[in-house]
Amino acid sequence: MKEKTRIPNACDSCHYYRRATENADFGNCCINPPQVIVKSDGADKADRASSIWPTVNASDWCGQYKAAVAEAVNSNIADATS
């Protein structure tokens, strides 16, 4: 099995990332509140509202990255022992 290349500061190691399922390569970014989505069923029916967090790929990245707690702790331990 080919090992995946890890991208530094990617979503999969971010504090705000929530993987969809254990082995999924995508999940939700929870840095901001969920986005409200309004769906219309037509003129005779009521609109329905729901909310979702944006779906992102595990390898995506952005400028608001914050290391997940376990990763931050491991990094601090590595720095302290260097």
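The values are calculated or read from the model by the stated rules, or taken from the named source; none is laboratory data. None of these values were measured; they are calculated from a predicted model. Cβ placement follows ideal geometry from the backbone for every residue including glycine, while neighbour counts extend to all protein chains displayed.
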Could you give me the residue pairs with C-beta distances under 6 Å whose first residue belongs to the range 7-32 and is part of a loop (DSSP other than H, G, I, E, B), whose second residue is among the β-branched types (Val, Ile, Thr) wherever it lies, and which are 6+ apart or on separate chains? TYR16/ILE31
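Can you work out which of the residues in the range 65-82 that are loosely packed, with under 11 Cβ neighbours inside 10 Å and modelled with pLDDT of 65 or more is farthest from TYR16 (Cα to Cα)?
Narrowing the range 65-82 to residues loosely packed, with under 11 Cβ neighbours inside 10 Å: 69-70, 77-82.
Add one more test, that the residue is modelled with pLDDT of 65 or more, and what stays is 69-70.
On the way: VAL69: 10, ALA70: 13 Å.
Among them, the one singled out is ALA70.
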Which pairs turn up if I take residues in the range 56-82 that are closer than 18 Å to ARG6 by Cβ and look for partners that are surrounded by 13 or more Cβ atoms within 10 Å (Cβ to Cβ) and modelled with pLDDT under 90 with beta carbon separation below 8 Å, at least 6 apart in sequence or on another chain? SER59/ILE7; TRP61/ILE7
Only one of (1) loosely packed, with under 13 Cβ neighbours inside 10 Å; (2) at pLDDT below 90 is not met by VAL36, so which one is it? (2)
Tell me yes or no: at least one residue of the range 40-57 is surrounded by 10 or more Cβ atoms within 10 Å (Cβ to Cβ), modelled with pLDDT under 80 and of a type in the set (A, V, I, L, M). no
